[in-house]
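Working notes, beginning with the structure itself.
The values are calculated or read from the model by the stated rules, or taken from the named source; none is laboratory data. From a predicted model like this one, the values you see are computed outputs, not experimental measurements. Cβ coordinates were reconstructed from backbone atoms using ideal geometry, including for glycine residues, and neighbour counts include every protein chain displayed. These area figures cover heavy atoms from the full protein model, side chains too; ligands, DNA and RNA do not enter into them. Shrake-Rupley method; radii C 1.70, N 1.55, O 1.52, S 1.80 Å.
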Amino acid sequence: TVWWLRAGGGCRLGTFTAWCNSHLRKAGTQIENIEEDFRDGLKLMLLLEVISGERLAKPERGKMRVHKISNVNKALDFIASKGVKLVSIGAEEIVDGNVKMTLGMIWTIILRFAIQDISVEETSAKEGLLLWCQRKTAPYKNVNIQNFHISWKDGLGFCALIHRHRPELIDYGKLRKDDPLTNLNTAFDVAEKYLDIPKMLDAEDIVGTARPDEKAIMTYVSSFYHAFSGAQKAETAANRICKVLAVNQENEQLMEDYEKLASDLLEWIRRTIPWLENRAPENTIPRWLVERRVSTLPHLASLCSSALGLETIRNGRTLWLLGSSLAWWGVGVCLTRPEGVGFSPTSVSAQ
């Protein structure tokens, strides 16, 4: 264990503890020692319930070893039910406080619930997260994200992610590549204060390590992804709602305009029918044609009346039928005596 901590496991230990607490605090609790506080399985089961939004089997409240193993097995069974293969991780090792096995289990949980579902342009999990980072930091000078270890040592990658989404939080132009401690601490402090992302990494550990722990960096960066993607989804949903409301308002205005036009046309037909019935057709127009046109007026009046119903206006069929009938009838009126009707051919067509 001492060798493992010296090899970089200490960074991972702190990161995983902070990640667990970022979720456990939603349930009003936290852990202090990751290899000790999960031994009875109770907080492990609670952690899984918080991050999955599902209820696990009722835990055992006894203090005996058999009760602890039972609780941890319930947690491991739940993880396995999500399609995760748990290799060489058993309940007994967790109950005994095996730090490497416990961190291996936590990393499995992080992969499944924080990284696996990340998808960017048909790439997922680790590759999708890396592509997302590359796309977001591409416009920034001195930032070249190629991995989840040495690409983040100078701290500019973290600052670029924050500045890309919240430019008011960091003055990126004042950052220097040769001052990694300042860059890292600036990013960590801003993320914790303004983005609700807990400090999971230690700036001195990252700078003092030739190759920072990849799993620790991935865990921390995934928190940025979820924080910013969640805000973006909310903004997108709000924009869609605004567009829908705008379309609805436009449709309501169109229906009001159509109702007025239909009402005006109905009134015009009511006034025109007596005039047409009492006038003698000119010899240039066959009488049967005039009579046929006049006989359609009551039908048009019926169409106008029925078109005033909102449901009829919405389906559009009556509007089409009314327009077709009016166009067919209007030709006869205009040929007969347009100036006497009070409508020019242009106005009849427009109405």
Review point. Does Glu35 meet the test of being in a helix (DSSP H, G or I) and either crowded, with 17+ Cβ neighbours inside 10 Å or in contact (Cβ under 8 Å) with a residue 40 or more places away in the chain (or both)?
Key: yes
Point to revise | One residue from Leu245, Leu265, Leu276 being at pLDDT 75 or above and more than 30 Å from His165 (Cβ to Cβ) | key: Leu265
Review point. Out of (1) under 24 Å from Asp213 (Cα atoms); (2) of a type outside the set (D, E, K, R); (3) touching a residue at least 24 places away in the same chain (Cβ under 8 Å); (4) in contact with a helix residue (DSSP H, G or I) (Cβ under 9 Å, 6 or more places away or on another chain), the odd one out for Ile145 is which?
Key: (3)
Exercise for review: Scan segment 79-97 for residues that are on the phi < 0 side of the Ramachandran plot and open to solvent by less than 60 Å² (accessible area, probe 1.4 Å) and jot them down.
Suggested key: Ile79, Ala80, Lys82, Val84, Leu86, Ile89, Gly90, Ala91, Ile94, Val95
Exercise for review: Please work out which one of (1) open to solvent by less than 50 Å² (accessible area, probe 1.4 Å); (2) modelled with pLDDT under 95 is the condition Arg6 fails and give its number.
Suggested key: (1)
Review point. Is it true that some residue in segment 116-123 is of a type outside the set (Gly, Ala, Ser), buried (at least 20 other Cβ atoms within 10 Å of the Cβ) and either in a helix (DSSP H, G or I) or free of Cβ contacts under 8 Å to residues at least 24 places away in the same chain (or both)?
Key: no
Practice item. Answer yes or no as to whether Leu13 is surrounded by 19 or more Cβ atoms within 10 Å (Cβ to Cβ) and touching a Phe, Trp or Tyr at 6+ places or on another chain (Cβ under 6 Å). Key: no
**Study point:** Extreme residue, farthest from Trp19 (Cα to Cα), among residues of segment 163-188 that are open to solvent by 80 Å² or more (accessible area, probe 1.4 Å) and part of a helix (DSSP H, G or I)
**Key:** Lys174
Revision key, fill the gap. By residue number, the members of segment 132-159 that are open to solvent by 30 Å² or more (accessible area, probe 1.4 Å), assigned to a helix (DSSP H, G or I) and of a type in the set (A, V, I, L, M, F, W, C) are Ile150
Check your understanding: Here are some conditions: (1) surrounded by fewer than 16 Cβ atoms within 10 Å (Cβ to Cβ); (2) within 27 Å of Gly41 (Cβ to Cβ). Glu127 meets all but one. Which one does it not meet?
Key -> (2)
Review point. Quick check: is even one residue across segment 54-70 without any contact (Cβ under 8 Å) to a residue 60 or more places away in the chain, surrounded by fewer than 20 Cβ atoms within 10 Å (Cβ to Cβ) and within 27 Å of the chain's Cα centre (by Cα)?
Key: yes
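The rows are residues; the columns are (1) within 20 Å of Ser222 (Cα to Cα); (2) at pLDDT below 95; (3) assigned to a helix (DSSP H, G or I); (4) not assigned by the TED database to the domain that holds Thr219.
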| position | (1), (2), (3), (4) |
| --- | --- |
| Leu44 | no, no, yes, yes |
| Glu49 | yes, no, yes, yes |
| Asn73 | no, no, yes, yes |
| Phe78 | no, no, yes, yes |
| Gly83 | no, yes, no, yes |
| Ser88 | no, yes, no, yes |
| Ile94 | no, no, yes, yes |
| Leu130 | yes, no, yes, no |
Review point. With respect to Thr108, is the statement that it is within 30 Å of Ala75 (Cβ to Cβ), out of contact with any Phe, Trp or Tyr (no Cβ under 7 Å at 6 or more places or on another chain), open to solvent by less than 40 Å² (accessible area, probe 1.4 Å) and of a type outside the set (Phe, Trp, Tyr) true?
Key: yes
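Matching residues to (1) out of contact with any helix residue (DSSP H, G or I) (no Cβ under 8 Å at 6 or more places or on another chain); (2) small (Gly, Ala, Ser); (3) over 22 Å from Ile197 (Cβ atoms):
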residue: Gly28; (1), (2), (3): yes, yes, no
residue: Leu56; (1), (2), (3): no, no, yes
residue: Val66; (1), (2), (3): yes, no, yes
residue: Ile69; (1), (2), (3): no, no, yes
residue: Asn73; (1), (2), (3): no, no, yes
residue: Ser81; (1), (2), (3): yes, yes, yes
